[in-house]
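As structure tokens, the structure follows; a few thoughts come after it.
The values are calculated or read from the model by the stated rules, or taken from the named source; none is laboratory data. Treat the numbers as computed from the prediction; the structure is a model and nothing was measured. In this analysis, Cβ positions are derived from the backbone assuming ideal geometry, glycine residues included, and neighbour counts consider all displayed protein chains.
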Amino acid sequence: MHRSKLFKLLIAFLALTMFATACGGSDDDSSSSSDSSSASETTESSSESSASEAAEEAEEAPAEEEEAEAPIVQDQEESVLEPVFGGTLRWGLEAEVDGINPTASALSAPGLTMMNAVFDTLAAYDVDGNTVPHLAESFTASADCKTWSMKLRDGITFHDGTPLNTEAVSVNFLAQFGDPLVGLAVRPYYSADEPITIVDDLNMNYNLTDANCNWPSALTGQLGAMASPTWIAAAQDDPTLDQQPVGTGPFIFESRVQDQVTRFVKNASWWGGDVYLDAVEFYPVTDGDIRTSLLLEGELDAQATTNVESIASLAENDSITQVLDDTGDESFLMLNSAKAPFDDIRARQAITHATPRDNYNTLINLDVTRKADQMFTPESPYYNPDVVQLSDRPDLAGPLVNAYCADNPSNCAGGKIDIEYQYSGPSVVGERIADLLSEGWADFFNVTVQVLPQDAHIQEAALGVYNSIGWRQFGAVDPGIDRVWLMCRAIGGISLNWPRYCDEDRDALILQADAATSTEEKIPLYQELSQKINEDYLYVFYHHTLWSLALRDGVENVCGAKTLEGATLRCQVNGRSFFQSTFLTD
Amino acid sequence: MLFFREWGKKAVPKPIRRLIGLLGLLTIVSMVTFGAMNFLGDPLFNILGPVAADVDNPESLKAIEEAKAQYHLDKSLPERWARWAWDFVRGDFGVQFSSSGQPPVSDLIKERLPRTLELMAVAQIIAVSLAIPWSVLAASRANRRTDKISTITAFAFVSIPSFAMAVILFYFFSVQWDLLPDTYTATDPFWGISHDHRLIQLILPGFTLGIGSAAAYQRLLRTDLITTLQQDFILMAKSKGVSKRRVLYSHALRPSLFSMITLLAINIGFMIGGSLVVEQFFRIPGIGSAVVEATLREDFPVVLAIVMIVSAGFMVFNYLADYLYTLIDPRVRNEDTSKPRKITSMGM
Amino acid sequence: MNEEQEINADEVTNDSQASEEETNISDSAQLEVSEFADKKTLGFGFWLATFWLVLISFLAVFSPILPFKDADKNYIAYEQKENPLTGKVQERPVQPPYAPSGEHWLGTDQDARDILSRTVEGARISLAVGALTALFGMIVGGTLGMIAGYFKGILDKIVGAIFLVVLSFPGLILAILIVALLDRSLLTISVTLGILGVAPIGRLARAQTLSFSEREFVMAAETLGAKKSRILIKELLPNVLIPMSTLAMLVIAVAIVGEGTLAFLGLSVQNSATWGKLILTGSGLSTLESSPWVAFVPMGFLFLTVASFNYLSDRIRDYFDVRDIFVTRD
């Protein structure tokens, strides 16, 4: 499904035209062309009421289907070469990570990447998007899907010799359960008195609060990464140990020089089979341009990036293979519904209409990425074609702003609403985006821009101190996982439901979908969910994030990871991939 | 009162008094920095993250209490400063504020200080190597066209801020002509002449940092050289038939170097704090970039430690420069001063 | 061989303390032009520099009413191109940055914003920062210095101590600290840079005041029974003002550079196109490769402005034969 030659041709074409364009050239091309053409046509043919506009959008829809946007997905072909043992893989990260403790740190993309080297997750996704057991042996649901039994594999030990058994898993689970931050994604979903039940050394039960027939997908990420209980206990006493993780994974932590390099060496007795590389080294290089040039010069073997300029320039280089995927998370503007002015839907709607999404995609994303209206991509079965986000419509914003300011003069000045926009920096791209957005909103909003370092940025989001913030989320392979960002129970002093928006009906849809057993049952539920999110105006979607794993020539078989039973695992999830199957031919 | 003061002046020799003064100054600097950071920021927030405000949650409360106890946040400001100072003078710089994993600050300093020092060394060597021939050339053709051109050039270089210089040099030498590497990798070996050796990687940043100093040195040295060249012993050497080159380099140069050396010492002191921008731009993991990152993260122990190191270094080198200057001072008093010598520094 | 060395030092004004203090020489913005320029004419360079400064100030002050393009607007150009996916010819955007052309005289940046307009906008802010900084420095530093120089005694020691502490701080680090912890408004940045300028200006004011206060006209005024404040304002201030102004010009130059440095670290005035920020936006590796004008245009403006201030300051000092020391602490 994802490896069609047509898509490869598309990428090659994109690449060719991309560099010509960058040189101030003529050709521009994107798979989102249908969007921009229909958008411009709609604005040209003006109509008064939004009803007739919506009708016009619907009329465009059939035309859009003809030029349906293709997903930008490209895996590295499975290698036909004989695996070669040895070598060190040098991987470039977007940022340094403070610690890789799945029970104590809120891991972002770079952290999750390193996590994959040293830890194994209990479950994983296969290439078709199904959840399959990985570190665990099997998962069985009870009839009502509220109790799940997990069976572990026998004979696996952590790097420090501690055995992997249900005792170890429960230490991990309880540590996460009790952590003030990580626990927010755990506590609301498991029975409060007895979240887990240990049956014997290898068997245990998870007791959920609500029926969830797709539950094992929750264990494909940070929550499913199992760490040595001995290490967890030691790290609780001495947090510096967070930086020296101990797991069951294909690589063992060796050394770390902060902001320079973290090094992991081969685990020769890995339970999952052969590990080919001698070592993996992670280099944090924050500047995307520099990271790319290091890759091109051969100083790095691979890197993960979402920077479209880099992706475009790498695409035209023959010695680089890129594993692309834009079916994952979305980038958007997030609004805080718990604080003025965005506690009023008119303000939220106004900013959605005023947002210059077209310019964003042209200038920041070089028209390469696909514009997003919802958290599903068009080829997903849950995609709702009727959900359209009306951005680049300043004509619609005006009346709403006037109405809001008439009712709330204290939040307005000069007929414009006072807002704060926050992003993480310092970052040149972040600043360009802030300028771009401010310019687009200038007629309706008085914008104060606030730049915060990454930690503070996340803090303010978690505490609901922000007004509007640039964010990236959703797109989980199993959409049920995204419940942690949407449900009412996720709101608290610290909230993972960042916009702090509670809608019981929305929760009900999510729970219903969780309890559903087939895709057909879920389709109408998720489509309605997308509809609700769209009408609540909490997120102003920009685009589907395009992730690229850029690999130097000689780096083979990155997409060849398999479970013990032989199922091929999904190659990358939001920039995170596996390292066990990779080998170097030079 | 006066008696004690006079007695103190006699009993304690001047250099020691100066030293005590410097230490006092350092203490005040630390107090001001400590106070500023604690007033303007919130240490609890920086250590714990959002958990710090989540007072309804019992687990969070536990973490808050632990952090308060560990970092003595419940004590008063002066007491916290005193604790910090006491640890500091014994070599314990504390641990970094970070919400997961708190490595000791001294590790960070140990990794990063050598990078800045090697950058400074390369910069000064480049500066001096440029300044000497440049000023000799200008002095030997004083007031003629070469000299005027060189003066204007020196002036221009001093007017270009370091970040602009960095971009210009980077553009020409790395981007356009690809002569010099564009990244610095701390783990590369130092000695060597390929792009993979730090010595070569430091040329661009060193030049950026050093060119301004070179211009300043050139100015001083040229003036002093011109004066020296008017001395009798020079005329004597020339009349003895010594070649012009030898006269310049062997006879005239050495006596003229004093001012420049004084400036050199002061500059080194400056550079420790002044290499910030160059380190950021060329991505050299030195203490300059460390303090910028730490300030943005509000990682107070790191900022405090680096401010102390930079101030101390600054003061030490100025102390040295003063000492050098006093060597020539008595003679200055007897001389007729003619030209104004300037400087102005805002600590940049 | 008893080599005599003649070192050109400065004439330290009648100040016993000053001889104990150290003079600090650093990467100075000033240059000795007196060697080859006739002291009594201002010279061609002077007028050139003045012209530039007048021009840039005019542009900065009047830019809202001058026909420059909007500095923040994204002037994306569109053209009829074939959409490779469908083969249809339609309006597609042309990827910026655009090279200098009739439409955009100095080209655009990566977000299709007109560089000429943005640079002129940058002039407003950079000059504003410079002016505010110098103002703050002169008012605070000048006042403190004059008080110290005139009243001497304990006041002098206190003020001296204050200056000492400010000078001992690694300046840039202090600026970063304050701006990062407070906010990034024009006022904050100007005051922060101004604080760093207080000491050099104050020292100069003090030295000048000390020297002038021993002069006859001041002593005469004192004998006649004039109030101290009157003497300060009417007799001393005008005389101290000229050397302070030359120093102020230097301060403006240093402030503009300082603001640029802060901008390069991501800490400049928020939401505005200062020169430092413009240069930073244009100095990414890929941008430098494909469109160097994005960085070099603002850099050119910055250089010309800073060099002009430096040069002017120097020439004026030579012209008025100002003997002074900018004594800074080690």
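Structure summary
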read-out: Total residues in segment A:516-564, condition of a type in the set (A, V, I, L, M), under 28 Å from A:Leu295 (Cα atoms) and over 21 Å from the mean Cα position of the chain (by Cα); value: 1
read-out: Subset of segment B:271-294 [facing another protein chain (nearest Cβ under 7 Å), over 13 Å from the mean Cα position of the chain (by Cα) and over 19 Å from A:Val428 (Cβ atoms)]; value: B:Pro285, B:Val291
read-out: Residue that is surrounded by the fewest Cβ atoms within 10 Å (Cβ to Cβ) [pool: residues in segment A:421-445 that are outside any helix (DSSP H, G or I), within 11 Å of chain C (Cβ to nearest Cβ) and modelled with pLDDT of 90 or more]; value: A:Ala442
read-out: So C:Ser308, is it within 21 Å of B:Phe157 (Cα to Cα) and either surrounded by fewer than 21 Cβ atoms within 10 Å (Cβ to Cβ) or at pLDDT 85 or above (or both); value: yes
read-out: Single residue of segment B:137-190 satisfying the filter (of a type in the set (Phe, Trp, Tyr) and not in a helix (DSSP H, G or I)) that is nearest to the other protein chains (Cβ to nearest Cβ); value: B:Tyr184
read-out: Where B:His72 falls short, out of the listed (1) on the phi > 0 side of the Ramachandran plot; (2) within 24 Å of the chain's Cα centre (by Cα); value: (2)
read-out: Only listed residue being more than 26 Å from C:Thr119 (Cβ to Cβ) and in contact with an Asp or Glu (Cβ under 8 Å, 6 or more places away or on another chain), chosen from C:Leu210, C:Leu236; value: C:Leu210
read-out: Residues that are charged (D, E, K, R) and either touching an Asp or Glu at 6+ places or on another chain (Cβ under 6 Å) or surrounded by 21 or more Cβ atoms within 10 Å (Cβ to Cβ) (or both), drawn from segment A:266-280; value: A:Lys266
read-out: Residues of segment A:164-174 classified as touching a helix residue (DSSP H, G or I) at 6+ places or on another chain (Cβ under 6 Å) and surrounded by 22 or more Cβ atoms within 10 Å (Cβ to Cβ), total; value: 1
read-out: Meets criteria (part of a loop (DSSP other than H, G, I, E, B) and of a type in the set (Asp, Glu)) for B:Asp92; value: yes
read-out: Residues of segment C:272-292 that turn out to be facing another protein chain (nearest Cβ under 7 Å) and polar (S, T, N, Q), as a count; value: 4
read-out: All strands (runs of 3 or more DSSP E) inside segment A:188-282 with 1 or more residues being closer than 30 Å to A:Cys488 by Cα and not acidic (Asp, Glu); value: A:196-198, A:203-207
read-out: Residue among C:Leu265, C:Leu247, C:Leu187, C:Leu193 that is within 14 Å of chain A (Cβ to nearest Cβ) and modelled with pLDDT of 80 or more; value: C:Leu265
read-out: Counted residues, segment B:1-34 - those being within 14 Å of chain C (Cβ to nearest Cβ) and either at pLDDT below 75 or not in a helix (DSSP H, G or I) (or both); value: 6
read-out: Residue match in segment C:58-81 (condition: hydroxyl-bearing (Ser, Thr, Tyr) and out of contact with any helix residue (DSSP H, G or I) (no Cβ under 8 Å at 6 or more places or on another chain)); value: yes
read-out: Single residue of segment A:381-400 satisfying the filter (of a type in the set (A, V, I, L, M, F, W, C) and in contact (Cβ under 8 Å) with a residue 60 or more places away in the chain) that is surrounded by the fewest Cβ atoms within 10 Å (Cβ to Cβ); value: A:Leu396
read-out: Selected residue (criterion: nearest to A:Arg483 (Cα to Cα)) from residues of segment A:514-539 that are in a helix (DSSP H, G or I) and hydrophobic (A, V, I, L, M, F, W, C); value: A:Leu529
read-out: Residue in segment A:546-563 that is out of contact with any Ser or Thr (no Cβ under 9 Å at 6 or more places or on another chain) and not basic (Lys, Arg) present; value: yes
read-out: From the options C:Thr133, C:Thr143, C:Thr119, residue that is under 22 Å from the mean Cα position of the chain (by Cα), hydroxyl-bearing (Ser, Thr, Tyr) and within 30 Å of A:Tyr360 (Cβ to Cβ); value: C:Thr119
read-out: Candidates B:Ile193, B:Ile284 - the one that is surrounded by 24 or more Cβ atoms within 10 Å (Cβ to Cβ) and not in a helix (DSSP H, G or I); value: B:Ile284
read-out: Cross-chain or 6+ apart pairs with Cβ under 8 Å, segment A:248-275 first and on the phi > 0 side of the Ramachandran plot, then assigned to a loop (DSSP other than H, G, I, E, B); value: A:Asp259/A:Glu96; A:Asp259/B:Pro285; A:Gly273/A:Leu564; A:Gly273/A:Gln580
read-out: Qualifying position, being out of contact with any Asp or Glu (no Cβ under 8 Å at 6 or more places or on another chain), within 14 Å of another protein chain (Cβ to nearest Cβ) and not charged (D, E, K, R), among B:Pro133, B:Pro114; value: B:Pro114
read-out: Hits in segment A:177-187 - residues which are more than 11 Å from every other protein chain (Cβ to nearest Cβ) and either among the β-branched types (Val, Ile, Thr) or surrounded by fewer than 20 Cβ atoms within 10 Å (Cβ to Cβ) (or both); value: A:Val186
read-out: Among (1) more than 30 Å from C:Gly284 (Cα to Cα); (2) within 12 Å of the chain's Cα centre (by Cα); (3) modelled with pLDDT of 80 or more - the single one B:Leu304 does not satisfy; value: (2)
read-out: Residue match in segment C:109-117 (condition: in a loop (DSSP other than H, G, I, E, B), on the phi < 0 side of the Ramachandran plot, without any contact (Cβ under 8 Å) to a residue 40 or more places away in the chain and touching a Pro at 6+ places or on another chain (Cβ under 7 Å)); value: yes
read-out: Selection status of B:Lys68, surrounded by fewer than 18 Cβ atoms within 10 Å (Cβ to Cβ), in a helix (DSSP H, G or I), modelled with pLDDT of 75 or more and charged (D, E, K, R); value: yes
read-out: Scope segment B:35-65; condition assigned to a loop (DSSP other than H, G, I, E, B), surrounded by 13 or more Cβ atoms within 10 Å (Cβ to Cβ) and away from chain C (no Cβ under 14 Å); matching residues; value: B:Asp54, B:Asn57
read-out: Check on B:Ala121, away from every other protein chain (no Cβ under 13 Å) and either of a type outside the set (Phe, Trp, Tyr) or touching a residue at least 60 places away in the same chain (Cβ under 8 Å) (or both); value: yes
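One line per residue, one yes/no per condition, for (1) crowded, with 22+ Cβ neighbours inside 10 Å; (2) within 23 Å of A:Asp343 (Cα to Cα); (3) among the charged types (D, E, K, R):
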| site | (1), (2), (3) |
| --- | --- |
| A:Ile494 | yes, yes, no |
| A:Trp498 | yes, yes, no |
| A:Thr519 | no, no, no |
| A:Ile523 | no, no, no |
| A:Tyr526 | yes, no, no |
| A:Leu529 | yes, yes, no |
| A:Asp536 | no, yes, yes |
| A:Val555 | yes, no, no |
